[in-house]
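One structure below.
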Amino acid sequence: MALLAEAARGVLGSLLRDFPSPLGPEDPLPWSTQGSAALSRAEVPGELAELARRFLGDRDAPPLLAASLIHAAIDEVLQTELSVFKKQSVEEEEEGDQGKFTLLDGGSLQRCFFNKLRDICCEWQKQLPSLKSLKHFLLISSHAIRNVRRKMEDRHVSLPEFNQLFGLSDDVDRAYFAVFDGHGGVDAANYAATHLHVNVALHKEILKNSTEALKGSFQQTDEMFLFKAERERLRSGTTGVSALIVGNRLHIAWVGDSQVMLVQQGKAVTLMEPHKPEREDERMRIEALGGCVTYMDCWRVNGTLAVSRAIGDIYQKPYISGNADGNSFELTGSEDYLLLACDGFFDAIRPYDVVDLVLDHLKQNKGDGLKAAERLVAAAKENGSSDNITVLVVFLRDPRDILADCLRDPKSLSADEGAEDSPFNFFSSEMNNQSDSHTTTKS
């Protein structure tokens, strides 16, 4: 914690030197990424959190400090009267009823938020509060490439600091991960990567039924994006898969063909069935709505999309459903790692090949798993994938222990040894101080 405090004071001091006074109404915004010009009230927390996360990340703020700062600043903004930022009202007719949605001025709201963030930095530089640290740490490896496609439409999210970002103060560790594979543009994937986890955290079932919170948040994010797509004439969509680790349980939810799998004691474990048009239940659902599933180089909904569920795709609703499926699993401590990836990976690499690829990587790198995702992406490209490829690996045990078990008994990887300390054996900070290191590359 002493190192964290020292790093925190350095970041806070640097920010205050660069911004010695609050932003005025005409001052340029400090973000490297331009925010939305207009926001609905529901979009405010996600939009501001994403802008601040990138801003603080560019300044090398420790993730724990960044998450805590963002939560404190957003909390203050949401306690203000947001109607002062009113930009315009939008009429939307839905099922015969008219609903009025107030849009807020994005620029004014962002300046207010930054000034709140700056004020908190001033306070914390004088007296740094006790930051709630992570009890356990996860080693995360992520890698993403555009490949030969013209545009990169994948997005992924890694939030080990989920509790800190949303001020959840119970004694249960939470970590959130997601992969989104956009089509027809990147807007839907960007939107889901910005707002889905916020909707999960604010969902009424987050503490009691995390799977339901995940599933419900997919539908809510879909509805929010459709409202934006209608007013801004956006046509894109995105598949998505998310995982929320809550204590010793794994909760997952998905729409479309992005997938999550588990490796347990050296064996690939299937956790889900992707939504594809050729699935019998999906075909029947689509046809019952008046749509069709036809074969045109692959099975497609109404001759267009090769997935049957997604966030967005406003002109393909209701055939392309935004309702997610979900599941929940107990984690016993024998699990090696979790893997989330888009179809650009899974169309080229079979789940059981993942095990050999990761073990081979660990052998070549003496148990260092930080670039395991890079190896998996390279393998998918070598196997002929021409799509965007995104892979996110979450090690649930120390990769060195996974390798050691393999070398002791190549035929049967046993994770029983060393798992008795906790039903969900994250490795502690004493064993690995790279808990916040992600290898994330886009090209």
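Please compute the length gained on full extension between residue 356 and residue 304, using 0.36 nm multiplied by the number of residues separating them and subtracting their Cα-Cα distance. Spell out each step's value before the answer.
On the way: separation 52, 0.36 × 52 = 18.72 nm, distance 3.57 nm.
Taking residue 356 through residue 304 to full extension adds about 15.2 nm, to one decimal.
For region 148-219, the set of GluC sites (Glu not before Pro) satisfying both a DSSP loop assignment and a count of at most 15 other C-beta atoms within 10 Å is given as 205. Normalised per residue, the accessible area of region 188-330 is 40 Å², obtained with a 1.4 Å probe and no contribution from ligands, DNA or RNA.
Tell me the net charge near residue 254. Cut-off is 14 Å between Cβ atoms, residue 254 excluded, with +1 for each Lys or Arg and -1 for each Asp or Glu. Taking every other residue near residue 254 into account, the sum is -3. Computed over the alpha carbons of the chain, Rg followed by Dmax gives 22.2, 67 Å. In whole Å, what is the distance between the alpha-carbon centres of region 334-405 and region 145-172? Value for the Cα centre distance between the two parts: 18 Å. Once you mark the trypsin sites (Lys or Arg not before Pro) that are in a DSSP loop and have at most 14 other Cβ atoms within 10 Å, what is the longest gap between them in the chain? With a cap of 14 other Cβ atoms within 10 Å, the longest stretch comes to 234-365. Figure note: 299, 254 ranked by solvent-accessible area, largest first, 1.4 Å probe, ligands and nucleic acids not counted: 299, 254.
Ordering 186-198, 325-337 by mean Cβ neighbour count within 10 Å, with the highest value first, yields 186-198, 325-337. Rounded to the nearest 20, the Cβ-based charge dipole of region 292-419 about its Cα centre (Lys and Arg +1, Asp and Glu -1) stands at 320 debye.
With +1 on each Lys and Arg Cβ and -1 on each Asp and Glu Cβ, how big is the dipole of the chain about its Cα centre, in debye rounded to the nearest 20?
Its charge dipole is roughly 920 debye.
Would you be so kind as to identify which of 83, 256, 402 lies farthest towards the positive end of the dipole of the chain, taking Lys and Arg as +1 and Asp and Glu as -1 on Cβ and the Cα centre as origin? Of the candidates, 83 comes out farthest on the positive side. Taking 28 Å as the cut-off for C-alpha to C-alpha distance, list the pairs among 116/215; 86/215; 86/228; 215/371; 151/267 that go past it. Result: 116/215; 86/215; 215/371; 151/267 exceed 28 Å. Put +1 on the Cβ of every Lys and Arg and -1 on every Asp and Glu Cβ in the chain; which of 159, 341, 11 then has its Cα farthest towards the positive end of the dipole? Final value for the positive-end residue is 11.
In region 139-408, what percent of the accessible surface is made up of carbon and sulfur (1.4 Å probe, ligands and nucleic acids excluded)?
Details: 4810 of 10310 Å².
The nonpolar share, carbon plus sulfur, comes to 47 percent.
Taking a straight line from the alpha carbon of residue 204, these aspartates and glutamates sit under 16 Å away, with near neighbours fewer than eight places off in the same chain left out: 170, 212.
The values are calculated or read from the model by the stated rules, or taken from the named source; none is laboratory data. As the structure is a prediction and not an experimental result, all values here were calculated from the model. With ideal geometry, Cβ positions are generated from the backbone for all residues, glycine too; neighbour counts draw on all protein chains shown. Ligands, DNA and RNA are stripped out before the accessible areas are found, and what is left, the full protein with its side chains, is counted by its heavy atoms. Shrake-Rupley method; radii C 1.70, N 1.55, O 1.52, S 1.80 Å.
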